[in-house]
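A.B. asks: Sharing a structure with you now.
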2 protein chains.
Amino acid sequence: MKIILIGATGTIGSAVAPLLKKSHDVAEVAHSHGALRVDLADKDSIRRLLSGLGRFDAVVCTAGQARFGALDELSDDDYQVGLNNKLMGQVNLVRIGREYIADGGSFTLTSGVLSQKPTAGSSSISMVNAGLEGFVRAAALELPRGIRVNAVSPVWVSETLAIMGRDRAQGLPAAQVALAYRESVESKCTGQVLDVLDFV
Amino acid sequence: MKIILIGATGTIGSAVAPLLKKSHDVAEVAHSHGALRVDLADKDSIRRLLSGLGRFDAVVCTAGQARFGALDELSDDDYQVGLNNKLMGQVNLVRIGREYIADGGSFTLTSGVLSQKPTAGSSSISMVNAGLEGFVRAAALELPRGIRVNAVSPVWVSETLAIMGRDRAQGLPAAQVALAYRESVESKCTGQVLDVLDFV
């Protein structure tokens with residue numbers, strides 16, 4: 001398959017890329033590095049990317065910004081970053097990508113464990129992740145030509161915890177998180193929220 | 001208790017109002033009728049309302065716009081209506097209302113069955129409803145002074161189905177949907193998504 005991987009230089013994307021490359025042709029896209037770039041908050045940027053790569057079989061997105069912060073400190077802008085970038089950015093990958101993707105193709109988006117298991121400071125991120133999951137469940141019912149859409153819901157990634165100075169054993173290595181993305185791409189499932197712990 | 005009911009003239013609000021009035025002092029607020037009005041999409045309007053009513057014990061919101069439509073027909077504006085009004089409008093009731101609400105007060109917001117059980121045409125509404133549920137789960141962890149927040153998730157309401165020319169027996173009468181709102185106000189639960197079918 002020809003797969004467009006958005007967020008390829010991120011912590012999870014860096015693990016998804018080599019896994020998918022074992023069996024597929026992967027176009028690696030990042031926000032600010034490399035030859036292929038996209039700004040998820042900008043629909044025109046998404047359309048330029050997806051219209052310029054020829055026919056493809058899958059879009060995998062491991063990118064998307066949303067802001068962590070205390071409920072009494074998050075600003076309107078903080079909420080809007082999550083809504084415009086991680087939520088509508090990924091929604092727009094589907095809305096625009098459906099015009100260019102091959103029959104039977106798939107979209108694999110990223111939500112996160114905070115959707116269902118919040119923590120103090122996650123009100124915006126939990127909202128965005130849960131909203132994305134709601135979109136995925138619904139959009140799957142309407143995609144034509146056998147096109148599929150799923151969300152992967154990662155737990156905390158060990159590499160991220162290490163950077164934060166926290167115990168990496170409390171998370172899952174990115175290489176194991178990546179397995180759920182492969183499942184979404186290679187299986188026939190649609191409208192699902194894949195819990196990464198189910199594929200380790 | 002002194003309760004602010006937003007959406008008091010709507011189908012569900014019209015049933016919640018008399019139920020709550022049996023035991024409480026209810027200030028009825030609508031978008032475009034009556035003495036008390038609010039535009040959920042406008043933070044200033046929300047602040048004017050909530051800062052002008054004196055101390056209150058509960059906010060119940062049965063209002064919020066989001067647009068139904070086919071995935072390939074919903075416009076950017078259609079998505080933004082749901083994000084700005086039903087989602088961030090209700091989020092902002094909590095963000096602003098927390099400054100004015102009494103100790104131990106509660107917020108009861110409205111999501112909907114399409115969050116978890118989508119149908120063709122619900123991609124925006126499912127996204128908005130699920131996002132609101134994610135916010136409620138998270139925000140409950142951070143509200144001070146014993147303040148609570150829940151969402152009620154209504155199924156289709158019989159009165160709405162009748163207006164649409166559909167079989168009202170496929171829905172639940174608004175008077176029964178209202179029971180879940182009362183439960184949220186009068187119980188001690190927080191961070192919950194209340195399924196209206198559990199309180200009939």
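The values are calculated or read from the model by the stated rules, or taken from the named source; none is laboratory data. In this text the structure is predicted, and so the values were computed from the model without any measurement. When we count neighbours, we look across all protein chains shown, and the Cβ atoms used for this are built from the backbone with ideal geometry, even at glycine. What goes into the accessible areas is simple: the full protein's heavy atoms, side chains included, and nothing from ligands, DNA or RNA. Shrake-Rupley method; radii C 1.70, N 1.55, O 1.52, S 1.80 Å.
A.B. asks: For A:LYS43 and A:ARG145 in the same chain, what is the full-extension length gain: residue separation times 0.36 nm, less their Cα-Cα distance, in nm?
C.D. replies: Going from the current span to full extension adds 34.4 nm.
A.B. asks: Also, quick follow-up: Got the B:ALA162 label distances to the other copies yet, label 7 Å along Cα→Cβ, in nm, shortest first?
C.D. replies: 6.4
A.B. asks: If you don't mind, another one. By average Cβ neighbour count within 10 Å, what is the ranking of B:157-170, B:78-91, B:178-191 from highest down?
C.D. replies: On the way: B:157-170: 13.9, B:78-91: 23.3, B:178-191: 19.3.
Taking the mean over residues of other Cβ atoms within 10 Å, the ranking is B:78-91, B:178-191, B:157-170.
A.B. asks: Please report, as a whole percent, how much of the solvent-accessible surface of the stretch A:1-143 comes from carbon and sulfur atoms (probe radius 1.4 Å). Before the final figure, lay out each step's value.
C.D. replies: Working: 2320 of 5110 Å².
Heavy-atom surface of the stretch A:1-143 belonging to carbon and sulfur, 1.4 Å probe: 45 percent.
A.B. asks: For the stretch B:20-109, what mean projected area does the convex hull of the alpha carbons give, in nm²? Let's see the in-between values first.
C.D. replies: Values: hull surface 27.3 nm².
Mean projected area of the Cα convex hull: 6.8 nm².
A.B. asks: Highest mean first, what order results for B:11-20, B:45-54 on Cβ atoms within 10 Å? Spell out each step's value before the answer.
C.D. replies: Values: B:11-20: 20.6, B:45-54: 15.9.
In descending order of packing, they fall as B:11-20, B:45-54.
A.B. asks: Run through all the Cα pairs of the protein assembly as shown and give the fraction in each 10 Å bin from 0, expressed as whole percent.
C.D. replies: It works out to 5, 23, 31, 23, 13, 5, 0, in whole percents.
A.B. asks: What translational diffusion coefficient, to the nearest whole µm²/s, does the stretch B:59-118 have by Stokes-Einstein, given a Kirkwood radius computed over alpha-carbon pairs, a temperature of 4 °C and 1.567 mPa s viscosity?
C.D. replies: Details: Rh = 13.0 Å.
Translational D for this selection: 100 µm²/s.
A.B. asks: Could you please tell me the mean projected area of the C-alpha convex hull for the stretch A:31-182, averaged over all directions and given in square nanometres to one decimal? Before the final figure, lay out each step's value.
C.D. replies: Details: hull surface 38.6 nm².
Approximately 9.6 nm², given one-decimal rounding.
A.B. asks: Something else: At A:PHE68, with labels set 7 Å past Cα in the Cβ direction, how many nm apart are the copies from this one, shortest first?
C.D. replies: Spacings between copies for this position, smallest first, are 4.0 nm.
A.B. asks: Would you please give the FRET efficiency between A:PHE68 and B:ASP76, computed as 1/(1 + (r/R0)^6) with r the Cβ-Cβ distance and R0 = 30 Å, to the nearest 0.05?
C.D. replies: Values: r = 27 Å, r/R0 = 0.89.
The calculated FRET efficiency here is 0.65.
A.B. asks: While we're on this one: Ignore the peptide's own chain and count Cβ atoms of other chains within 10 Å of each Cβ in A:70-81; give me the average, rounded.
C.D. replies: Details: counts 1, 12, 6, 0, 2, 1, 4, 0, 0, 7, 2, 0.
The per-residue average across the peptide is 3.
A.B. asks: Under a 1.4 Å probe, what is the accessible area of the protein assembly as shown per residue, stated in Å²? Intermediate values should be presented prior to the final figure.
C.D. replies: Working: 15810 Å² over 400 residues.
It amounts to 40 Å² per residue over the protein assembly as shown.
A.B. asks: For chain A, what does -39500 (n - 2.57) per DSSP helix run (n ≥ 4), summed and divided by total residues, give at 222 nm, in deg cm²/dmol to the nearest 500? Display every interim value, and only then the final one.
C.D. replies: On the way: 7 runs with 70 residues, N = 200.
Mean residue ellipticity at 222 nm (helix-derived): -10500 deg cm²/dmol.
A.B. asks: Rounded to the nearest 100 Å², what is the sum over both chains of accessible area buried where B meets A, with a probe of 1.4 Å? Write down the numbers at each step before the final one.
C.D. replies: Working: alone 9320 and 9310 Å², together 15810 Å².
Chains B and A together bury roughly 2800 Å² of accessible area.
A.B. asks: Who wins for biggest fluctuation among B:ALA66, B:ALA138, B:ALA174 in a Gaussian network model of chain B, springs between alpha carbons below 10 Å?
C.D. replies: Largest GNM mean-square fluctuation: B:ALA138.
A.B. asks: For the pair B:ARG166/B:ASP103, report the inter-label distance in nm, with labels modelled 7 Å from Cα in the Cβ direction.
C.D. replies: Between B:ARG166 and B:ASP103, the label points sit 4.6 nm apart.
A.B. asks: What's the minimum Cβ distance from chain A to the axis relating it to B, in whole Å, and which residue gives it?
C.D. replies: A:GLY131, 1
A.B. asks: Here is a further query. I need to check one value: relative contact order of the stretch B:17-79, counting alpha carbon pairs closer than 8 Å and at least 6 residues apart, in percent. Kindly include the intermediate steps, with their values, before the conclusion.
C.D. replies: Details: 30 pairs, mean separation 9.0, N = 63.
Dividing the mean separation by the residue count of the stretch B:17-79 yields 14 percent.
A.B. asks: Over chain B, calculate the relative contact order: mean separation of alpha carbon pairs under 8 Å at least 6 apart, over the residue count, as a percent. If you can, show how the numbers build up before the last one.
C.D. replies: Numbers: 408 pairs, mean separation 41.3, N = 200.
Rounded, it is 21 percent for chain B.
A.B. asks: Evaluate Rg over Rh across the stretch B:19-61, taking Cα atoms for both radii and Kirkwood's formula for Rh. Could you put the intermediate results ahead of the total?
C.D. replies: Working: Rg = 10.9 Å, Rh = 11.4 Å.
For the stretch B:19-61, the value is 0.96.
A.B. asks: Placing the label point 7 Å from Cα along the Cα-to-Cβ direction, what are the distances from B:GLY34 to the equivalent spots in the other copies, shortest first, in nm to one decimal?
C.D. replies: 5.5
A.B. asks: Put +1 on the Cβ of every Lys and Arg and -1 on every Asp and Glu Cβ in the protein assembly as shown; which of A:ALA140, B:SER32, A:SER124 then has its Cα farthest towards the positive end of the dipole?
C.D. replies: So the residue we want is A:ALA140.
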